[in-house]
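One structure is given below, encoded as structure tokens.
The values are calculated or read from the model by the stated rules, or taken from the named source; none is laboratory data. This one's a predicted model, so the numbers in the text were calculated from it and none came from an experiment. Note that each Cβ is placed from the backbone with ideal geometry, even for glycine, and that neighbours are counted across all protein chains shown.
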Amino acid sequence: MSLLTQTGIASLQLCFYGAGSMAEAIARGLINEKLVEPGRISMLNKQNRERLAELHERYGVQTVVQGSSNEAYLQGADIIFLAMKPKDAADAIAAIRPYLSPKQLIISVIAGLSISSIEYLLGPEAAIVRTMPNTSSTIGLGATGISYSESVTPQQKLLTEAIMGSVGIHAVVEESLQQAVTGVSGSGPAYVYYFMEAMIDAACQLGLAQEQAKELVVQTVLGAAEMVRSTGEEPAELRRKVTSPNGTTQAALEVMAENLFSETIHKAVRRSAERAGELGETIERSISE
């Protein structure tokens, strides 16, 4: 039995409330994997009609530009994605409550927003999924943490995992671990980009041309990641294999260790996780005011 048959997602209506890059990434994944036809996906935002027209032209999704209303799309949806900015979340979610029903599945991609906060805004009977995707979902290589409310049914869980599987891999975690997911994979691509920036800059200082340096660094990072994935070996073991005693790699790694490279990464991941918690607290305060 195919995943398409298992989930039945092809017959459903999907609505993205928020039309930013993450909403676009998920919609594109669904369309590219042929899990659902573009005409069954609607994308909404507050006022940027130019962005909506662009999404319709690019993917064939439905928007208010095609003549319907946000309210009609919300009422007709089987699955609604909450994809607005965190600062707008509380007011926006409260505003759509009159158009929703308990049978709908609500999938949030809003950093820091807890299931309990969404339940407060939409009612305790709502079937809510909290997710933390990352920007690599844009090219189908995302990593997403998923947590479920008690109201989510087994079929709805299957639907959620099919959707997130269309843009990469996923891990179902207790909601208390979502901040850790944010610190590791949610913010993680930026850590790698920052590391790549530094390597490219160092290569240029050593005399390589900018484009040549970029090409070498990109391939190096891509190859290293693929080695971990394809061999199944631990990164520490692969590092040991490439580090000859008293060689060039050992000399470089010693400098990193002296400058507390590992400790810095630990602190950065922890701080990202803490910040996710702070964002959630800010949203919760706005809800209670």
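Quick notes on this structure:
- Search result, residues across segment 115-154 that are over 21 Å from E174 (Cβ atoms) and aromatic (F, W, Y): none
Here's the yes/no breakdown for (1) over 24 Å from the mean Cα position of the chain (by Cα); (2) in a helix (DSSP H, G or I); (3) exposed (fewer than 12 other Cβ atoms within 10 Å of the Cβ):
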| position | (1), (2), (3) |
| --- | --- |
| V184 | no, yes, no |
| A190 | no, yes, no |
| F195 | no, yes, no |
| G223 | no, yes, yes |
| S244 | yes, no, yes |
| I265 | no, yes, no |
| A273 | no, yes, no |
| G277 | no, yes, no |
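- In the set (1) under 18 Å from S136 (Cα atoms); (2) touching a residue at least 60 places away in the same chain (Cβ under 8 Å), E175 fails one condition alone, (1).
- The number of residues in segment 20-39 being crowded, with 20+ Cβ neighbours inside 10 Å and more than 15 Å from T131 (Cβ to Cβ) comes to 4.
So that you can scan it fast, the table gives a plain yes or no per residue for (1) outside the structural domain of K34 (by TED's automatic domain parsing); (2) under 22 Å from the mean Cα position of the chain (by Cα); (3) at pLDDT 95 or above:
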site: G145; (1), (2), (3): no, yes, yes
site: L158; (1), (2), (3): no, yes, no
site: G207; (1), (2), (3): yes, no, yes
site: S230; (1), (2), (3): yes, no, yes
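- Near pairs, Cβ below 9 angstrom, 6+ apart or cross-chain, from segment 178-205 (at positive phi) to any residue that is surrounded by 14 or more Cβ atoms within 10 Å (Cβ to Cβ) and not in a helix (DSSP H, G or I): none
- Among the residues making up segment 149-174, those that are closer than 17 Å to F81 by Cα and of a type outside the set (S, T, N, Q) are V152, K157, L158, L159, E161, A162, I163, M164, G165, V167, H170.
- Within segment 160-176, the set of residues being assigned to a helix (DSSP H, G or I) and either within 26 Å of K103 (Cβ to Cβ) or within 15 Å of the chain's Cα centre (by Cα) (or both) comprises T160, E161, A162, I163, M164, G165, E175.
- Any hit, segment 171-190, residues being more than 30 Å from E278 (Cα to Cα), modelled with pLDDT of 95 or more and not aliphatic (A, V, I, L, M): no
- For the residues P133, P124, the requirement of being at pLDDT below 95 and surrounded by fewer than 22 Cβ atoms within 10 Å (Cβ to Cβ) singles out P124.
- For segment 89-110, residues that are out of contact with any Leu (no Cβ under 6 Å at 6 or more places or on another chain) and surrounded by fewer than 15 Cβ atoms within 10 Å (Cβ to Cβ) total 6.
- Whichever residue in segment 225-242 is among the small types (G, A, S) and loosely packed, with under 10 Cβ neighbours inside 10 Å and, among such residues, is farthest from Y193 (Cα to Cα): G232
- Among the residues of segment 197-215, none qualifies, meaning not one is touching a strand residue (DSSP E or B) at 6+ places or on another chain (Cβ under 7 Å), in a helix (DSSP H, G or I), among the aliphatic types (A, V, I, L, M) and surrounded by 15 or more Cβ atoms within 10 Å (Cβ to Cβ).
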